Amino acid sequence: MKIFNLMTLCAVASVALVSTAAAQSADRGKTLFTSECAACHSVTPGQNGIGPSLAGVYGMHAATTPGFHFSVALQTANIVWTDDQLEKFLRDPEIAVAGTKMPHPGTEMHMGMPSPVDRGDLIAYLRSLPRS
């Protein structure tokens with residue numbers, strides 16, 4: 001009986017993980033990027049704006065995009081942009097990296113995505129971008 005329960009639990013957990021991953025939409029993330037991020041960021045390599053280019057950002061060390069002047073806070077944060085780190089940063093940049101130049105909730109140029117679904121979709125889009 002215990003083996004059956006363990007197998008059932010594993011099967012349910014596997015379905016939940018697959019459902020969560022499938023629920024993320026890179027297409028919807030691209031739309032979110034265009035409406036929420038593109039005023040400051042580009043996804044074209046070498047095309048920095050107010051913020052750095054995010055071309056190939058997934059899996060990169062933070063503050064390593066060439067030609068952009070990053071805050072000391074981000075330069076010394078020792079972050080690699082993974083799902084978890086992007087989730088924290090997109091939720092509230094100032095809590096994730098105190099002293100970052102990225103605008104955060106409560107500021108005029110507010111940045112922070114309160115919706116976990118929006119963050120997941122945006123991360124799926126960033127993950128889909130080719131490494132530069």
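Does ARG127 qualify as being closer than 25 Å to ARG28 by Cβ, under 15 Å from the mean Cα position of the chain (by Cα) and at pLDDT 95 or above?
yes
Do you know which residues across the range 1-49 are of a type in the set (Val, Ile, Thr), more than 20 Å from SER115 (Cβ to Cβ) and at pLDDT 95 or above?
As a first pass, look at the range 1-49 and keep what is of a type in the set (Val, Ile, Thr): 3, 8, 12, 15, 18, 20, 31, 34, 43-44.
Next, only the ones that are more than 20 Å from SER115 (Cβ to Cβ) stay: 3, 8, 12, 15, 18, 43-44.
Those that are of a type in the set (Val, Ile, Thr), more than 20 Å from SER115 (Cβ to Cβ) and at pLDDT 95 or above: VAL43, THR44.
Looking at the range 52-79, I want the residues that are on the phi > 0 side of the Ramachandran plot and surrounded by 13 or more Cβ atoms within 10 Å (Cβ to Cβ) and have a partner that is assigned to a helix (DSSP H, G or I) and modelled with pLDDT of 95 or more with Cβ atoms under 8 Å, at least 6 apart or on another chain. Which pairs are those?
The qualifying pairs are ALA63/LEU74; ALA63/GLN75.
When you look at GLU36, is it among the acidic types (Asp, Glu), surrounded by 15 or more Cβ atoms within 10 Å (Cβ to Cβ) and in contact (Cβ under 8 Å) with a residue 40 or more places away in the chain, yes or no?
Yes, satisfied.
Could you list, in sequence order, the residues of the range 83-98 that are surrounded by 13 or more Cβ atoms within 10 Å (Cβ to Cβ) and free of Cβ contacts under 8 Å to residues at least 40 places away in the same chain?
Matches in the range 83-98: GLN85, GLU87, LYS88, PHE89, LEU90, ARG91, ASP92, PRO93, GLU94, ILE95, ALA96, VAL97.
The values are calculated or read from the model by the stated rules, or taken from the named source; none is laboratory data. Note that the coordinates shown come from a computational prediction; the quantities given were computed from them, not determined experimentally. Note that each Cβ is placed from the backbone with ideal geometry, even for glycine, and that neighbours are counted across all protein chains shown.
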